[in-house]
1. Taking the Cα centre of the chain as the origin, how large is its charge dipole in debye, to the nearest 20, when only Lys and Arg (+1) and Asp and Glu (-1) carry charge on their Cβ atoms?
2. When a/c reaches 1.5 or more, the comparison of a/b and b/c decides; with that in mind, is the stretch 1-67 rounded, prolate or oblate per its Cα gyration tensor?
3. First measure r as the distance between the Cβ atoms of Thr135 and Arg11, then evaluate 1/(1 + (r/R0)^6) with R0 = 35 Å and state the FRET efficiency to the nearest 0.05.
4. Run the numbers on the stretch 1-69 and let me know its relative contact order in percent, using alpha-carbon pairs under 8 Å that are six or more apart.
5. Just for the Cα atoms in the stretch 130-169, what are the lengths along the principal axes, largest first, rounded to whole Å?
6. Would you list Asp45, Asp73 from fewest to most Cβ contacts within 10 Å?
7. Which order do Lys166, Lys98 fall in if you start with the one that has the fewest other Cβ atoms within 10 Å?
8. Pairs of alpha-carbon atoms within less than 8 angstrom and 6+ residues apart define the contacts here; what relative contact order does the chain have, in percent?
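Where a number appears in this text, it was derived from the coordinates with a stated rule and is not lab data. Owing to the predicted nature of the structure, the values given are computational and were not obtained by experimental measurement. Here Cβ is always computed from backbone atoms with ideal geometry, including for glycine, and neighbour counts include all displayed protein chains.
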Amino acid sequence: MSPDPIATETRHHDGPLGRIRSRSLGTVRPGLPEVVLVHGMTACDYLLPSLAEMATWTRAHLIDLPGCGGSGDPPHELSVAEFADALNDWLDQVGPDKVVLAGHSSGTQVAAEAALRRPGDVAGIVLGSPVFDPTYRGLPSVLGRWLLDLTREPAGLEQVNRPERKRAGLRRLVHVLRQHRRYSLTHAVLALPVPVLVVRGRDDALSTRRWAERLAAPAAEGGCVEVPGPHTFCWQDPAAWSLPVQAFARRLA
């Protein structure tokens with residue numbers, strides 16, 4: 001699968017926490033919120049197939065957080081809260097008025113934190129392959145489960161991620177991992193004032209079904225959906241979460 005199967009509308013926004021690249025596709029549909037995709041740990045292009053899939057039913061956007069993908073370097077290494085501030089600055093200056101924030105992997109934390117900081121114009125949150133499950137929160141467990149998950153991922157995924165991970169560098173990767181391991185997604189979800197949809201791959205080695213269901217339980221709307229595949233199920237099969245996200249967005253509308 002090509003990491004960039006279609007031409008996208010690309011923009012760059014210079015914010016206080018660094019330059020953000022955004023790639024957008026699709027048409028605004030009356031009554032439907034637009035979708036903003038938030039990538040996982042320093043890798044962005046693997047979500048391009050998801051961008052194309054979600055653009056079949058709404059206007060969709062993929063942003064590269066500062067220091068990742070095609071964005072600029074931040075003034076300093078960022079915390080989860082600062083990544084959320086960078087996302088919110090992009091939403092204020094460039095993004096649509098009403099959105100569903102769809103985070104994948106560590107991007108679920110950024111999406112949740114951003115929604116906590118801007119009540120009112122976030123219609124709902126999608127947590128795709130959320131991390132970090134309290135069962136596997138310790139560093140040895142995280143690394144061991146990540147290595148196990150790699151054996152389940154489709155061939156070619158690492159070829160897509162490797163250039164962006166190389167660009168980020170080992171020091172930034174270690175910093176980002178440390179920041180996300182410290183963040184409690186469970187507590188953030190409990191405080192969210194908007195509906196939450198959790199989408200988990202059945203073979204995800206980094207999280208358990210029990211935790212995914214616990215994350216979804218407090219939400220007044222939303223729920224938990226399991227789909228085939230490992231942690232990065234959305235790369236090979238982007239429709240696996242586009243379909244439930246579409247249904248979620250229509251309920252919100």
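1. Working: 28 positive and 27 negative charges, 93 e Å.
That gives the chain a dipole magnitude of about 440 debye.
2. Here the stretch 1-67 falls in the oblate category.
3. That pair, Thr135 with Arg11, gives E of 0.35.
4. Relative contact order, the stretch 1-69: 39 percent.
5. Ordered largest first, the stretch 130-169 gives principal extents of 30, 23, 18 Å.
6. Values: Asp45 21, Asp73 14.
Placing the least packed residue first, the sequence is Asp73, Asp45.
7. Lowest count first: Lys166, Lys98.
8. Working: 522 pairs, mean separation 52.6, N = 253.
Once divided by the residue count of the chain, the mean separation gives 21 percent.
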